[in-house]
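Any read-out appearing in this document is the output of simple, stated calculations on the displayed coordinates, not a laboratory observation. Because the structure is a prediction, the values reported are computed rather than measured. Every residue, glycine as well, gets a Cβ built from its backbone with ideal geometry; the counts of neighbours run over all protein chains shown.
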Amino acid sequence: MAVQLLPALEGGEETLVVGQAVLEGVMMRSPHAWAIAVRRASGEVVRHQEPIERLSEKHKWMGWPLVRGVMTLGQAMTLGFRALKFSANVALDEAPADEHGKKLEISGWMAAVNIVFSVGFFIFMYKFLPLVAATALKRVNPIFGQQIIFNLVDGVIRLALFLLFIWGVSLLPDIKRVYQYHGAEHKTVFAFENKDPLSPPAVQKYSTFHPRCGTSFLMTVMIISILFYAMIPVTTFWARFAVRIALLPLIAGVSYEIIRFAAKHRGSLFAMMTAPGLWLQRITTQPPSDDQVECAILALDEAMELEKQRGGELVIA
C-alpha cells in the first residue's frame, strides 16, 4: 500500500520512456508497450511485456490539456497496480506450498480490494484528517476560521502527514529496497534520454533525482490544492470535505501540466514549484546496486523491443 500511494505519473504524452519501481524489480513503459523485470531470490530475472494503447491516439480529446493529466494518471495507476501484482506473484511463487500443494497468488479480486483500500486510506489520511485537525483549531481560536488561514493550516497539516508517512515507510527494509529500484529506474531513464549505452557502469553515473517523478507530482498536488481550496467559499465541514474530493481531478490535471511544463523549461517559475519534489526524492530514491540497475535495463530493453515491433519510433521527446 505504501508503494501504491506513490502514483507512477512519471511522464507525459510526449515522453518516450517512463517507469516505476516494484517489489524486487522495475516496470518500464513506452508509448505503445510496457515491460517488467523482477529478480527472484535465486538471482534469476523474470521478464514480461505487453502492448498498450496511447490514449491520445485512441481518443483525441484525451490529449487535451488538463484532461490528459487525469487520463494519463488513471492509466499509469492501472499499469502500476498490474506491475505490483506481477512482482508480488513472482515473490509468492518462491514461497512454500500449503498442505494441499497450492501456492498463494494475488488474484484479481484481491488486487481490486487493495485498490479500494489504498484510495480510501489516501482520502482518510490526506483529506479527512487534516480537515478535522484544522476544524478543531478553529474552535480553539477564531482566527483559524478565516478562509485563507484555515486552508493554509489544513494544507500544512496535510503536507506534514505526507512527509511523515514517506519518511516512516522508508525505514522499512522492504520499502528501502523498492526505493533503491526507484533510483535504478531514474538512472536508466536518464541514460536513455542522453543516448548513453544501457550498461550498469554507464547508467550508474546518473542522478537518482528525476524531475518527472511521481514523488514530484504528489508534492505539486499538495501545494496546488492549498490554493484551490482557498478559492472555494464554503464554511461547513462536510461542504469542505466534498470540495476536496470533487476537485481532485482538476488539481491532478493542473499539477500534471505544471510538471510537464517544468520538465521542458527548467529555469521557469513552475520549475521552482517542482523543486520540493526533487528534495523529497532524497527519501524516495536510494543509490541502487548494479543488479538492481540491470533489472531496470532489462525492463527497458523489453519495452523498447515491443515498441519497435508496434512501429514506435526511437526518439527522445
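Taking the dipole about the Cα centre of the chain, with the C-beta of Lys and Arg at +1 and of Asp and Glu at -1, give me whichever of A21, F165, L129 is farthest to the positive side.
L129
Taking the radius of gyration and the Kirkwood hydrodynamic radius from Cα positions alone, what is the Rg/Rh ratio for segment 205-309, to two decimal places?
Expressed as Rg/Rh, it is 1.11.
Out of (i) 56, 56, 38; (ii) 62, 54, 37; (iii) 67, 47, 34, which label holds the value of Cα extents along the principal axes in Å that was computed here?
(ii)
Highest GNM mean-square fluctuation, the chain, Cα pairs closer than 10 Å: which of V243, V46, V153?
Looking only at V243, V46, V153, the largest GNM fluctuation is found for V243.
Might you report the magnitude of the Cβ-based charge dipole of segment 170-257 about its Cα centre, with Lys and Arg at +1 and Asp and Glu at -1, to the nearest 20 debye?
140 debye
Over segment 209-260, with a single point scatterer placed on each C-alpha, what log10 of the ratio I(q)/I(0) does the Debye formula yield at q = 0.13, 0.16, 0.19, 0.25 1/Å?
Reported log10 I(q)/I(0), two decimals: -0.34, -0.48, -0.63, -0.91.
How do S207, S170, S225 rank when sorted from fewest to most other Cβ atoms within 10 Å of their own Cβ?
Fewest-to-most ranking of S207, S170, S225: S207, S170, S225.
What percentage of all Cα-Cα pairs in segment 179-230 are separated by more than 17 Å?
Everything past 17 Å amounts to 45 percent.
Only Lys, Arg, Asp and Glu count, each charged at its Cβ (+1, +1, -1, -1), so figure out the dipole size of the chain about its Cα centre, rounded to 20 debye.
The calculation lands at about 1240 debye.
For T215, T236, T188, T72, what ranking results if the residue with the fewest other Cβ atoms within 10 Å of its Cβ goes first?
Lowest to highest Cβ neighbour count: T236, T215, T72, T188.
Report the one residue of A202, F237, H186 whose Cα lies farthest in the direction of the positive end of the charge dipole of the chain (charges on C-beta: Lys and Arg +1, Asp and Glu -1; origin at the Cα centre).
Comparing the listed Cα positions along the dipole, F237 ranks first.
How much net charge surrounds Q49 when only other residues with a Cβ under 10 Å from its Cβ are counted (Lys, Arg +1; Asp, Glu -1)?
-4
Output the 0 to 90 degree angle, nearest 10, between the alpha-carbon long axis of helix 237-246 and the longest principal axis computed from the alpha carbons of the chain.
30 degrees
Near A202, within a Cβ-to-Cβ distance under 11 Å, what is the net charge of the other residues, with Lys and Arg +1 and Asp and Glu -1?
Spelling it out: positives minus negatives among the neighbours equals +2.
Measure nothing fancy, just the Cα-based angle from helix 214-230's long axis to the longest principal axis of the chain, in degrees from 0 to 90, nearest 10.
Value to nearest ten degrees: 20.
With unit charges on the beta carbons (Lys and Arg positive, Asp and Glu negative) and the dipole taken about the Cα centre of the chain, which residue among V156, P288, L66 sits farthest to the positive side?
V156
Taking the Cβ of each residue in M110, M219 as the centre, tally the other Cβ atoms inside 10 Å and list the residues starting with the fewest.
M110, M219
Where does helix 275-284 land angle-wise versus the long Cα axis of the chain, in degrees 0 to 90, nearest 10?
Between helix and principal axis, roughly 50 degrees.
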